[in-house]
Amino acid sequence: MKNIHGLILALGMGIAAAMLNWAYLNSEARRVDMVDFIGVKPGVTIGRGERLVEENLVAVPVPMSQAGELNDFAIRHSDLQTVVTQNVTRTISGGSLLLRDDLRTPPPELTLKEDEIALFIPVDTRSFVPSLVKPGDMVWFLVFSDGAAASPTPADGAPAPTPAAGPPVPPAGTEAIGPFRVLSLGNRLGSADAMKAAGIPQTQENVMTIPGKLTAGKLDPKEEKLLKYLHATNYRNMPIMLSPR
């Protein structure tokens, strides 16, 4: 009998210890420091270019110890009032966190380095998709090494030369001049999504701005070569090639 009583007592003490341990862990879990990030309410979809409203946003708690680099990409719920009424640059589905990149805005003005000048180059938008090219990309300009590149521009008032009969002569070859950094595409100083989200209409995307450098009043050789080609072709729109990012 004593052995049975002892066994029952031991089981009771074990159960009591387990319950106390569970209660302790549960209370400690509640004490974990949490940080709230902004999320989109489940069942809500915010379309690209739409404004954020407080009713569509919720607090998403994350343990502080697990937040890690999330602080660099997501927006804390304490900053809610700074994001309300802003436009988003992508479609965000319910249950997703609101990221800093979702609120990108285009730069306010063209920025040049101290030793740079801006060169405006007409580009052929039929040869590439403008929305896929953004400032900061590196591009090459394609020039054609046929006789047309060196043909003189008629003087003011002089009649244009009559083209020779027969089919056009195909280019003998092409040459790529570059690379050049894109400063803007028309009035677009950032991504197409950021422009749309900011409600700024895009204009003159057939003119690309690139940086140049003047040394003692002279351009660098590749920039001078590009401008000479443009002058020889009466500023004909140029095709481009996009370098890998």
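Here L119 passes the criteria (1) touching a residue at least 40 places away in the same chain (Cβ under 8 Å); (2) more than 30 Å from M241 (Cα to Cα); (3) touching a helix residue (DSSP H, G or I) at 6+ places or on another chain (Cβ under 7 Å); (4) aliphatic (A, V, I, L, M) except the one numbered (2). Of everything listed in (1) modelled with pLDDT of 90 or more; (2) within 15 Å of the chain's Cα centre (by Cα), the single unmet condition for D101 is (1). Within the stretch 185-244, the set of residues being open to solvent by less than 60 Å² (accessible area, probe 1.4 Å), more than 28 Å from T89 (Cβ to Cβ) and part of a strand (DSSP E or B) comprises G212, L219, M238.
The criterion of at least 1 residues that are of a type in the set (D, E, K, R), within 21 Å of the chain's Cα centre (by Cα) and exposed (fewer than 11 other Cβ atoms within 10 Å of the Cβ) is met by the following helices (runs of 4 or more DSSP H) wholly inside the stretch 31-87: 70-73. For the stretch 88-110, give me each residue that is surrounded by fewer than 16 Cβ atoms within 10 Å (Cβ to Cβ) and in contact with a Leu (Cβ under 7 Å, 6 or more places away or on another chain). Passing the criteria: P107, L110.
In the stretch 187-211, the residues that are at positive phi reach residues that are open to solvent by less than 40 Å² (accessible area, probe 1.4 Å) and part of a loop (DSSP other than H, G, I, E, B) with C-beta atoms within less than 7 angstrom, at least six apart or across chains, in these pairs: Q204/G186. Quick one: R126 ticks every box in (1) at pLDDT 90 or above; (2) on the phi < 0 side of the Ramachandran plot; (3) open to solvent by less than 80 Å² (accessible area, probe 1.4 Å) bar one, so which box is it? Among (1) at pLDDT 90 or above; (2) on the phi < 0 side of the Ramachandran plot; (3) open to solvent by less than 80 Å² (accessible area, probe 1.4 Å), the lone unmet condition for R126 is (3).
The values are calculated or read from the model by the stated rules, or taken from the named source; none is laboratory data. Not measured: the values here are computed from a predicted model. All Cβ positions, glycine included, derive from the backbone under ideal geometry; neighbour counts span all protein chains shown. Calculation scope for accessible area: heavy atoms of the full protein, side chains included, ligands and nucleic acids excluded. Shrake-Rupley method; radii C 1.70, N 1.55, O 1.52, S 1.80 Å.
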